[in-house]
Structure formats: structure tokens, C-alpha cells
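In what follows, a single structure is set out as C-alpha cells and then discussed.
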Amino acid sequence: MKHSISLIINGDPVDAIVKDNLTLLDFLRDQMFLTGTKKGCEEGECGACTVMLDGKPVNSCCTLAVECDGHEILTVEGVAKEGMLHPIQKQFIEKWAMQCGYCTPGMIMSAKALLDVNRHPTELEIREAIEGNLCRCTGYAKIVEAIQAAADEMNWEEESENA
């Protein structure tokens, strides 16, 4: 069966027709052509498909597109604003927090979800925020370092704006 859905993706309103069993992951990749969200295990175990649904990280492989009707989705493509990388993206590059890069979009989305609610996370809080995101290439140290550096950068920017 097909359903009409209306949602906001990366700030843009979207109306679409979807099958009732279509995952959000396949909708984003195949119908919206937003391929930054990666298809990994398709069981909600690896975090490669992490996106934000109404500001909360979710595994898009375990979320049906029809469940997103009336909601807001943020993918890794929507994190940068006006051609400027978000501090998380910038720090992942500067701190060499990726190797193959397959897990990176999911890691960035989980990190953004954390930093949106906690601008001063401890190392333990960072590790807990990304615990659902598997990386087979790194030892996570550079990823944690990049997220901490992004938090520091975001706090410095906020302090500069308020001065």
C-alpha cells in the first residue's frame, strides 16, 4: 500500500508517496538522493544510517518513512550551513577522525545530537553518545578528540558572539 507523507528534510518541505514498508534510509537514498546516510547492517546495530528525527538520533534503517509524516529529518547533508562546514565536520577533518569514512556521517549525526543538548560533554558522555556507531577502522580516540574539539570551538564561537 502507498501513503502520502509530508515532512521537512534538511529544512526543506517535502511531499512524497511511499510504500508502507519503505524504510527512512531507503527513502532518503533512493527517492531523495541523499546518499550521505549510509546503508550498513540494516538491523540498527552499526549506526551508519543515523539521522536526526525531530532533533533526536535514530537508525533510519529501522524507521519507516510513513512514521516520519509531519516530522523533521536532518541528514548529514543538512549539517553544513551556507557552504560552511559545521564545527563537527571541520574537526573530523582537522583531527583525522576518519579512515575509510563509511561510519563518519552517522558519527557526525550522533555527535551533533549530543552537542545540541550538551555543549560541555565529558569524554564519557561523548563515548556514550556514539556507542551505537561502529567504526571498524579507528580506535575511536580521534573521533572523541574531534567531538571534544568541536564542542570547544562551538563554545568559543558562542562566547565571542556574546562578548
Identify, please: which residue in the range 91-102 is aromatic (Phe, Trp, Tyr) and in contact with a Lys or Arg (Cβ under 8 Å, 6 or more places away or on another chain) and is, among those, least open to solvent (accessible area, probe 1.4 Å)?
102
Over the range 28-37, the set of residues out of contact with any helix residue (DSSP H, G or I) (no Cβ under 6 Å at 6 or more places or on another chain) and more than 15 Å from residue 67 (Cβ to Cβ) is 29, 30, 31, 32, 33
Are any of the residues in the range 28-37 open to solvent by 10 Å² or more (accessible area, probe 1.4 Å), polar (S, T, N, Q), out of contact with any His (no Cβ under 9 Å at 6 or more places or on another chain) and part of a helix (DSSP H, G or I)?
yes
Which of the numbered conditions does residue 88 fail, given that it passes all the others? Conditions: (1) part of a helix (DSSP H, G or I); (2) open to solvent by less than 10 Å² (accessible area, probe 1.4 Å); (3) in contact with a strand residue (DSSP E or B) (Cβ under 9 Å, 6 or more places away or on another chain).
(3)
Taking the range 46-63, which residues are open to solvent by less than 10 Å² (accessible area, probe 1.4 Å) and assigned to a loop (DSSP other than H, G, I, E, B)?
47, 48, 49
Being in contact with a Cys (Cβ under 9 Å, 6 or more places away or on another chain) and either under 29 Å from residue 16 (Cα atoms) or not assigned by the TED database to the domain that holds residue 7 (or both): is that true of residue 102 here?
yes
I need the full set of residues from the range 64-85 which are of a type in the set (Gly, Ala, Ser) and either closer than 12 Å to residue 9 by Cα or surrounded by 16 or more Cβ atoms within 10 Å (Cβ to Cβ) (or both), in order please.
65, 70, 78
Out of 85, 22, I need the residue that is over 15 Å from the mean Cα position of the chain (by Cα) and aliphatic (A, V, I, L, M). Which one?
22
Has the range 50-58 got at least one residue that is at pLDDT 95 or above and more than 22 Å from residue 130 (Cβ to Cβ)?
no
How many residues are closer than 22 Å to residue 59 by Cβ and either in a strand (DSSP E or B) or touching a helix residue (DSSP H, G or I) at 6+ places or on another chain (Cβ under 7 Å) (or both) when one looks only at the range 12-27?
10
So which residues in the range 64-83 are at pLDDT 95 or above and not in a helix (DSSP H, G or I), if there are any at all?
64, 69, 70, 71, 72, 73, 74, 75, 79, 80
Do the conditions hold for residue 127, that is, is it of a type in the set (Lys, Arg), part of a loop (DSSP other than H, G, I, E, B) and either surrounded by fewer than 17 Cβ atoms within 10 Å (Cβ to Cβ) or out of contact with any His (no Cβ under 9 Å at 6 or more places or on another chain) (or both)?
no
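The values are calculated or read from the model by the stated rules, or taken from the named source; none is laboratory data. As the structure is a computational prediction, the values presented were derived from the model and not from experiment. Positions of Cβ are backbone-derived with ideal geometry, glycine not excepted, and every protein chain shown enters the neighbour counts. The protein model used for the area step is the full one, side chains on, heavy atoms only, and it has no ligands, DNA or RNA in it. Shrake-Rupley method; radii C 1.70, N 1.55, O 1.52, S 1.80 Å.
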